[in-house]
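First up is the structure itself, then whatever we jot down about it.
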Amino acid sequence: APIGVAECSPAVPNSTGVPGAIQAFGSTSVAANDVTLRASDLPPFQFGIFVVSQTTAMVTPPNSQGVLCLGGQIGRYSTILGAGAEGAFELDLDLTQIPTPSQLVAAQAGETWRWQAWTRDVNPTQTSNFTDAVAVTFLP
């Protein structure tokens with residue numbers, strides 16, 4: 001079953017005509033270290049990454065059609081993912097190594113972390129877009 005709470009939802013529609021969506025699955029226990037992110041309703045055959053922060057915001061980056069729902073210290077996962085024909089990708093997280101701009105940190109009980117997918121798009125020319133965000137508050 002999904003964990004977390006959707007934020008900044010729905011996202012701005014992408015070239016498929018629908019907004020991209022993100023969900024988190026697994027456990028809210030930091031000790032379990034079991035969270036998988038899944039982004040869906042993405043433009044097929046486009047690439048993207050997941051970004052993460054503890055802070056919310058509402059920013060439209062230059063040359064993007066979507067809204068970045070994260071603020072403050074935004075980290076990005078270095079794994080570049082491909083949406084494929086189904087328009088979806090996922091990533092298994094390591095909660096002991098959450099990226100920030102300066103270092104990897106471990107999630108702690110009581111913290112809320114937010115994730116969002118950032119994808120390439122062609123709508124009608126080259127641009128980028130975002131899914132909505134998901135916020136997960138962790139327990140021991």
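The values are calculated or read from the model by the stated rules, or taken from the named source; none is laboratory data. Small disclaimer: the values here were computed from a predicted structure and weren't measured. With ideal geometry, Cβ positions are generated from the backbone for all residues, glycine too; neighbour counts draw on all protein chains shown. Calculation scope for accessible area: heavy atoms of the full protein, side chains included, ligands and nucleic acids excluded. Shrake-Rupley method; radii C 1.70, N 1.55, O 1.52, S 1.80 Å.
Could you run through the stretch 108-124 and say how many residues are out of contact with any Cys (no Cβ under 8 Å at 6 or more places or on another chain) and closer than 24 Å to residue 58 by Cβ?
Total satisfying the criteria: 10.
From the residues in the stretch 54-93 that are of a type in the set (A, V, I, L, M) and assigned to a loop (DSSP other than H, G, I, E, B), which one is most open to solvent (accessible area, probe 1.4 Å)?
Let us first name the residues in the stretch 54-93 that are of a type in the set (A, V, I, L, M), namely 57-59, 67-68, 70, 74, 80-81, 83, 85, 88, 91, 93.
Of the ones still in play, those that are also assigned to a loop (DSSP other than H, G, I, E, B) are 67, 74, 80, 83, 85, 88.
Working: 67: 35, 74: 56, 80: 121, 83: 1, 85: 73, 88: 5 Å².
Result: 80.
Assess whether residue 96 counts as being among the hydroxyl-bearing types (Ser, Thr, Tyr), assigned to a strand (DSSP E or B) and farther than 30 Å from residue 124 by Cβ.
Spelling it out, it is not the case that residue 96 is among the hydroxyl-bearing types (Ser, Thr, Tyr), assigned to a strand (DSSP E or B) and farther than 30 Å from residue 124 by Cβ.
Out of (1) at pLDDT 95 or above; (2) closer than 23 Å to residue 9 by Cα; (3) loosely packed, with under 14 Cβ neighbours inside 10 Å; (4) among the β-branched types (Val, Ile, Thr), the odd one out for residue 112 is which?
It fails just one condition, (3).
For the stretch 12-53: of the residues being polar (S, T, N, Q) and assigned to a strand (DSSP E or B), which is most open to solvent (accessible area, probe 1.4 Å)?
23
Out of all the residues in the stretch 1-11, which are on the phi < 0 side of the Ramachandran plot, open to solvent by less than 60 Å² (accessible area, probe 1.4 Å) and not in a strand (DSSP E or B)?
Selection gives 11 alone.
Which of (1) open to solvent by 20 Å² or more (accessible area, probe 1.4 Å); (2) closer than 16 Å to residue 49 by Cβ is the odd one out, the single condition residue 103 does not satisfy?
With (1) open to solvent by 20 Å² or more (accessible area, probe 1.4 Å); (2) closer than 16 Å to residue 49 by Cβ applied to residue 103, the lone miss is (2).
Anything in the stretch 120-138 that is open to solvent by 10 Å² or more (accessible area, probe 1.4 Å), more than 24 Å from residue 34 (Cα to Cα) and out of contact with any Lys or Arg (no Cβ under 6 Å at 6 or more places or on another chain)? List them, or say none.
Across the stretch 120-138, the qualifying residues are 120, 122, 123, 124, 125, 126, 127.
Going through 67, 12, 18 one at a time, which residue ends up being in contact with a Cys (Cβ under 8 Å, 6 or more places away or on another chain), of a type in the set (Val, Ile, Thr) and closer than 12 Å to residue 131 by Cβ?
Numbers: 12 fails: in contact with a Cys (Cβ under 8 Å, 6 or more places away or on another chain); 18 fails: in contact with a Cys (Cβ under 8 Å, 6 or more places away or on another chain).
Just a single option satisfies the conditions, and that option is 67.
Within the stretch 11-39, restricting attention to residues that are more than 24 Å from residue 97 (Cα to Cα) and among the polar types (S, T, N, Q), which residue is nearest to the chain's Cα centre (by Cα)?
Step one: filter the stretch 11-39 for residues more than 24 Å from residue 97 (Cα to Cα), giving 11-20.
Okay, now just the ones that are also among the polar types (S, T, N, Q), so 14-16.
Details: 14: 15, 15: 18, 16: 18 Å.
Checking each candidate, the answer is 14.
On the basis of being touching a Lys or Arg at 6+ places or on another chain (Cβ under 8 Å) and of a type in the set (Gly, Ala, Ser), does residue 53 make the cut? Steps first, please.
Numbers: touching a Lys or Arg at 6+ places or on another chain (Cβ under 8 Å): yes; of a type in the set (Gly, Ala, Ser): yes.
The answer is yes for residue 53.
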